[in-house]
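Report on one structure; see the data block that follows.
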Amino acid sequence: MIRTYARNYPLLTRIVLYVFCVVALVSFISSGIQLYLTFQLEKQHIVSTLESLQTNQIETLSNHLWHMDKEAMEIQLRGILENPDIVYIEMITEQKTTRSFGVKPKQEEGLIVRRYPLQRQVGDETADLGLITFTATTANTRNRLFTTTSKALASQLVTLFITCIAILFLFIRLLNRHLNTIVHYTETLRVGKLDRPLILSRKEKGLSQPDELMHIVNSLNNMRERLRAEIETQQQTEKKLIEEKLFSDTIINSLPGLLIVVNEELRPIRCNRLFLEKIQLADNQLGSFDIFSRIAPQDLEKGEKAVSRALQSGIPVSLEVLLLNNAGKPIPYLFTISRLVLDETVLLIAIGSDLSEQKRIEGQLRQAQKMEAMGTLAGGIAHDFNNILSALMGFTQLAALATKGNEKVQRYLDEVGKASLRAKDLVTQILSFSRKKETEQVTLQVRRVVGEALKLLRASIPSSIEIRQQLQSDRSIMADATEIHQIMMNLCTNAYHAMQETGGTLSISLTDRLITEHDFFPDIRVAPGSYLQLEVSDTGTGMNEETRKKIFEPYFTTKDAGTGTGLGLAVVHAIVDKYRGYIYVYSVPGEGSSFNIFLPVARAEENSPEAVAGSSSWRDLCGRERIMVVDDDRNILKYYEEMLVYYGYSVMTFADCRLALQYFQNGPGDFDLIITDLTMPYMTGDKLGCAMLGIRKDIPIIISSGFSPNLSVQQFIDQGFIDFFQKPVNSMRLLVRIREILADRMATTDETGMNGRQAAGVSRA
């Protein structure tokens, strides 16, 4: 029967067996501990009994021995031996006679021995009568305790065995049979039987609250309900998927790009309507279509490698190729190729987008980035070059003042001045190209500027080239005359070079043009509005399409080395773009080129700023005020110092802005005006000026720079500076402005009755 239970209920049998073993082990241990403690107590009791004999028996025995009362002594000793733990008494008298009572035990039985002297008090003396030895043993106690403990332990083991049998029965009755029912239920549970709940054959009315079995039953029934609900949801989802599949063709055909699906043999099995339209295929021709037949030859190998890589790795691959339309024209497309495995069937899905518009925009962006990069380079060059020109032009003017009356030297200096002005114009052209020079745009009648440019061109262009002009428009635009002149000179020079060997006709026309939304220009989109159209045409060699797309790139030129810089058309493009205009170029190889520039017409008339008044006398430009000049270029400092001293000013120069600020902090009232450069080591000129204004609010500060890409003149004025000068600085204009500033400051001081260095502020230009 035990084997049957062990086979039918292995887990329960192991649990009962473990309980029995653990409880039996605990019983053995506790009984052993209890036996040891009881034995120690009994042993201590024996020791106490032996020690009490000295107090209770020794004196009486001594008296019996003194009186030689042997009978009384034997009775007393045999009474002591009635204690089962005392087994032997030995008495040795003073005469060396030995008397023993009981059986002398062996030495290895765990004996307890106590010896006491037998003495009698006689008068003041103590008489020794002999020595008595009591021997006790623990063997009787040990045997008694072992027998008692064995009986108790055997009783506990029998009780434990009966308890385990009862536990086994109760487990089988209350738990295992229900567990078997639950196991059978879960093994026979099927999708079609999810409506059958799990019910155990047990009485549940007497239960005050659900027990563990009921929790298991409730959890299984709840799981059954959830499974049934999820299966119903899945069935509904499958139904919806079937319905949605009916709309898949419509969805695929609504995609804005091309879509094609091919199998592992690269045979098309599905595509959208747009793909059929672009490739011009019928539905029944799709299965025999070769997907590589419309790829441009130069991209064919790239396409084959991309498809192979997508098939092998399973990683989506992006591929940009040229697709040939029916006319053989290549159209750029970006394809994303992905691998899909359905029921062990490998498919490739390719989705393509037309990149024609994106390529056009990218081309414009690259052109803008090139222009921006060249602008950054040009700005850096212009800064250093303007500093050099400032010193060159300044010392030339000083030399002219110092050599008045020497006509030969004056003539030489005039040539140096002209060369300096040509260099200044070159810097102006570079800054116009970089879009970073602050030009003064005014209402300008283009017809006058174009006419003046043509007069200059006529003298430099050979007679083999005929110039025809039709300047019909008198409209004005917001522009700078120098920049319009640059446009004319660069375009006409470019046309002259195209006709230099063969001769031809150079045509310039200026007309009004109203552009509407219906007007179309290849490669550009012109916003509707009123424009001034400047057309420069030639009958020269012309350009092919590849050259035409590159003509506005900086340093691109078709001329021989040493005959062109490649900057002319780039400068034209930069200026027109700054005016928010457009350039359209039409060219046919062997027939000539036509450049059409559309510039927005000015909406309101604006007056040009007044130039510096005519030349003033030396006395009008002189002064006695104290001026600080700060510039990291020592040549410019020397020029400023000699020029200002020549006109009577007291000048202190600083090449280190930190020393200048420290000197100003020590004596802020020592100066009437500050002139500082913008770009300097350690501290920029605007920060230096703001620091000085923080110390003395009314100090007038003029700031100058060879190149200021981030700040406009108005921004400098808003920061508290009195004026801004672009290098190279015109010395006469600077001297006039200095006198204006100091005169205004003096007038303000007279009106307020305050010292200029203590006034709350000054009027700003």
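The values are calculated or read from the model by the stated rules, or taken from the named source; none is laboratory data. Computed from a prediction, not measured in an experiment: that's the story for all the values here. When we count neighbours, we look across all protein chains shown, and the Cβ atoms used for this are built from the backbone with ideal geometry, even at glycine.
Could you pull out the residue among 25, 41, 65, 35 that is modelled with pLDDT of 85 or more, in a helix (DSSP H, G or I) and surrounded by 14 or more Cβ atoms within 10 Å (Cβ to Cβ)?
35
Report yes if some residue within segment 480-503 is hydroxyl-bearing (Ser, Thr, Tyr), in a strand (DSSP E or B) and either surrounded by 15 or more Cβ atoms within 10 Å (Cβ to Cβ) or more than 47 Å from the chain's Cα centre (by Cα) (or both); otherwise report no.
no
Return a yes/no flag: does segment 101-123 have any residue that is among the acidic types (Asp, Glu), assigned to a strand (DSSP E or B) and in the same structural domain as residue 56 (by TED's automatic domain parsing).
Among the residues of segment 101-123, not one is among the acidic types (Asp, Glu), assigned to a strand (DSSP E or B) and in the same structural domain as residue 56 (by TED's automatic domain parsing), which makes the answer no.
Only strands (runs of 3 or more DSSP E) wholly contained in segment 626-724 count here; list those with 3 or more residues that are assigned by TED's automatic domain parsing to the domain that holds residue 397.
Fully inside segment 626-724 and qualifying: nothing.
Just a yes or no: is a residue in segment 68-81 in a loop (DSSP other than H, G, I, E, B), modelled with pLDDT under 85, more than 30 Å from residue 170 (Cα to Cα) and not basic (Lys, Arg)?
Yes: segment 68-81 contains one or more residues that are in a loop (DSSP other than H, G, I, E, B), modelled with pLDDT under 85, more than 30 Å from residue 170 (Cα to Cα) and not basic (Lys, Arg).
Out of everything in segment 122-149 that is touching a residue at least 60 places away in the same chain (Cβ under 8 Å) and among the polar types (S, T, N, Q), what residue ends up being surrounded by the fewest Cβ atoms within 10 Å (Cβ to Cβ)?
The selected residue is 149.
Is at least one residue of segment 312-334 within 31 Å of the chain's Cα centre (by Cα) and modelled with pLDDT under 85?
Yes, that holds for at least one residue.
Any idea which of 276, 259, 266 is modelled with pLDDT of 80 or more, in a helix (DSSP H, G or I), touching a helix residue (DSSP H, G or I) at 6+ places or on another chain (Cβ under 8 Å) and not small (Gly, Ala, Ser)?
276
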